[in-house]
1. Filter the stretch 209-220 for residues that are in contact with a helix residue (DSSP H, G or I) (Cβ under 7 Å, 6 or more places away or on another chain) and not in a loop (DSSP other than H, G, I, E, B) and give the result.
2. Do we have any residue at all in the stretch 87-97 that's of a type outside the set (Asp, Glu), under 30 Å from residue 39 (Cβ atoms) and at pLDDT below 95?
3. Among (1) farther than 30 Å from residue 544 by Cβ; (2) buried (at least 18 other Cβ atoms within 10 Å of the Cβ); (3) charged (D, E, K, R), there is one condition residue 636 misses while meeting the rest; what is its number?
4. I'd like the full set of residues that are assigned to a loop (DSSP other than H, G, I, E, B) and not β-branched (Val, Ile, Thr), limited to the stretch 21-50.
5. When you look at residue 69, is it part of a helix (DSSP H, G or I) and either farther than 30 Å from residue 530 by Cα or in contact with a strand residue (DSSP E or B) (Cβ under 7 Å, 6 or more places away or on another chain) (or both), yes or no?
6. Run residue 112 past the list (1) touching a Ser or Thr at 6+ places or on another chain (Cβ under 7 Å); (2) not in a strand (DSSP E or B) and report the number of the one that doesn't hold.
7. Go through the stretch 622-633 and report how many residues are in contact with a His (Cβ under 8 Å, 6 or more places away or on another chain) and either surrounded by 24 or more Cβ atoms within 10 Å (Cβ to Cβ) or in a helix (DSSP H, G or I) (or both).
8. Out of all the residues in the stretch 174-187, is one or more under 30 Å from residue 444 (Cα atoms) and over 25 Å from the mean Cα position of the chain (by Cα)?
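The values are calculated or read from the model by the stated rules, or taken from the named source; none is laboratory data. Bear in mind that the values here come from a model prediction, so they are computed numbers and not experimental data. Note that each Cβ is placed from the backbone with ideal geometry, even for glycine, and that neighbours are counted across all protein chains shown.
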Amino acid sequence: MNKLLKYVPLHLLLCLTLGILSQYYYKIWVFGFLPIFLLLSVLGIILLFITHRKVFTLLTFLLFFILGVSAVFVNNSKNYNNNYELFSSTNSRVTLRIVSVLKPSLYHKKYIAEVIQVRQTKTRGRILLNLEKDSTQSLLHVDDVIVATQNFSKLRPPLNPKQFNYKKYLAKQGIYEQVFITSKQYIAQEKQFTSLVGVSEKVRNNIQKALKRYHFKNDEFAVINALLLGQRQDVSKGLLADYANAGAIHILAVSGLHVGIVLLILSILLKPLLLLRKGKYIKVVILILLLWMFAFIAGLSASVVRAVTMFTFVAFGQIFLRKNNVFFSLISSLLLLLICKPMFLFDVGFQLSYLAVFGIVWVQPKLYKVYKPKFYVDKKIWELITVSIGAQIGILPLSIYYFQQFPGLFILANLVIIPFLGAILIGGILIIGLALLNILPQFLASIYANVISVMNAFVSWISKQESFLFKELTLSLVMMLACYFFIFSVVYFLMKRKSNRFIVVLVSILILQGLYLLEQKKAKETNAFIVFHKTRNSIIGKRFAKNLYVQHQLDSINSNDIYALKQYRIKENLNVFTTHFNNSIRLKEKHILVVDSLGVYNIDGMQNPIVVLQYAPKINLQRLIKKIKPSVIIADGSNFKSYVNGWERICLRNKIPFHYTGQKGAFVLKD
């Protein structure tokens, strides 16, 4: 551990990360490309002539901090003079090149597209392309070029509190706008060039065509696609939920687990090369080439490239056979990836992948020593159990923070699946090879399909053991970080049981307790009035501490299951009760008047109330404004859009704030 803490790239990684976070959240650099390039160059030249150790160290840390800042600045297309937003206007002619194919929604096929030209001007910048589904149209592919009329719209944030923010998610990929078109609203153009990702997609499409001849069922074909080709677009929501609930969702994403297994199998197969004079160097070169070939077949997606980069460094580390070489390799690969792709830092898959590997490498050896197996089978089972526990310890706080659940049977799922995953991967590669050569016997394809089917059935069975699936757990960001500090302190203490390390454990426990008490105190002091958004319905909530009282007319739906408020309930850890409010509501000094379809608003004693309009009341809004002088007027999703537009114009004329939940999201008034 001491060697790891003294490892220079670890310190550089921390400085780089701090620079990335500073630029992303605070935009500390706004001075252009040339000044930051000159600054980096000057710092680099100065370092060549510095001999004082402490000054050299400080300047190196500063260099990597600025490198983190510059990496974010350079990767943001908005900082370029040819960003498409500077030239675009409504109905202008735009040329788009498909960059990647996303999982389709119910009504649209989805793509990430580069805006390469606006009218006659060459541009850069990416958008989300939503192409309306049409049975007559063919799927667009990577590198396809289309011309369309621009009607871009800004991506919208979630309309209800605590929901997943797809706008922020895409912003971290440099995507800020989207466009909706039909097959009749674009013209396909000749491809300008074929990228490496495009070639990869062509190879993958040929593989898929070859496999389709062998009558795989939908779920079987979808899992083969996910396991071997890195494509999860065809995996059904039900099957995806089964794998998530069983704690085996990582099986369906080509990532560190798959690449690690491939590396292990290839290392065993190439072991005879070590007998040669330069055998270990030849072995590593072949290993790395084969790993990148696997990444190519798997589509060169971000998760695959990250995983292969990580294990490329691990393979290099094996040459030197140094203690802790895996730790050093992981940190070095992390440093390189973040310099090239700084926004990976915010990617959930990136975070989970590295934390899982760190958990395995750091925690698993300590757990393995707890029990000494005597037999080979016993030993292998114990290895798998400790590996699963190590990985889960590494990702547990983060997975609860993001997904609010913990699969209690993850050990059983991984214990059964992982031993066979190597055989499934190797068998799959063999199946693909024979299918491409058109010499795959149907009985062999059927056997492989049955293996996949059995795995799916087993995962589905585990996912249905609901008493072992702990749902609706919640952790704040600060609590999540405190949990990692606690895990680190405990493992650090178990490595060497010293009194000063035990004190660190006690401090971490005190921090957890303190944060918990502070969050509970804050929750008890929170009162709020909330108008949620739900199309064609009205949901109004009044929160007192940890209780949320909700009024709605969704009789067939339990209040706990209403999608509009579900994430708010879970993340705030609230108890929900269905109730009925009077038209007049009060929150401390604030008066709230709810005007429903009956249109009643003549209530005495109200001073500048907040007015909520629901279920399209047929009222004269101008008269209402004159009579009760509202401070704010709110229209929720239960109102007709034509009514809302008219009310908005009236409010604008009378200089009264107007809030439509379908546009601005839920209205939240805190005490």
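1. 210, 211, 219, 220
2. So the first thing to find is which residues in the stretch 87-97 are of a type outside the set (Asp, Glu), and the list is 87-97.
Retained after the next criterion (residues that are under 30 Å from residue 39 (Cβ atoms)): 87.
Pick out the ones that are also at pLDDT below 95 and you get 87.
Looking through the stretch 87-97, at least one residue is of a type outside the set (Asp, Glu), under 30 Å from residue 39 (Cβ atoms) and at pLDDT below 95.
3. Every listed condition holds for residue 636 apart from (1).
4. As a first pass, look at the stretch 21-50 and keep what is assigned to a loop (DSSP other than H, G, I, E, B): 27-32, 50.
Result: 27, 29, 31, 32.
5. Details: part of a helix (DSSP H, G or I): yes; either farther than 30 Å from residue 530 by Cα or in contact with a strand residue (DSSP E or B) (Cβ under 7 Å, 6 or more places away or on another chain) (or both): yes.
When the stated conditions are applied, residue 69 passes them.
6. Exception for residue 112: condition (2).
7. Here is the first cut: in the stretch 622-633, the ones in contact with a His (Cβ under 8 Å, 6 or more places away or on another chain) are 632-633.
From what's left, either surrounded by 24 or more Cβ atoms within 10 Å (Cβ to Cβ) or in a helix (DSSP H, G or I) (or both): 633.
Qualifying residue count for the region: 1.
8. Just the residues of the stretch 174-187 that are under 30 Å from residue 444 (Cα atoms), to begin with: none.
No, the stretch 174-187 contains no residue that is under 30 Å from residue 444 (Cα atoms) and over 25 Å from the mean Cα position of the chain (by Cα).
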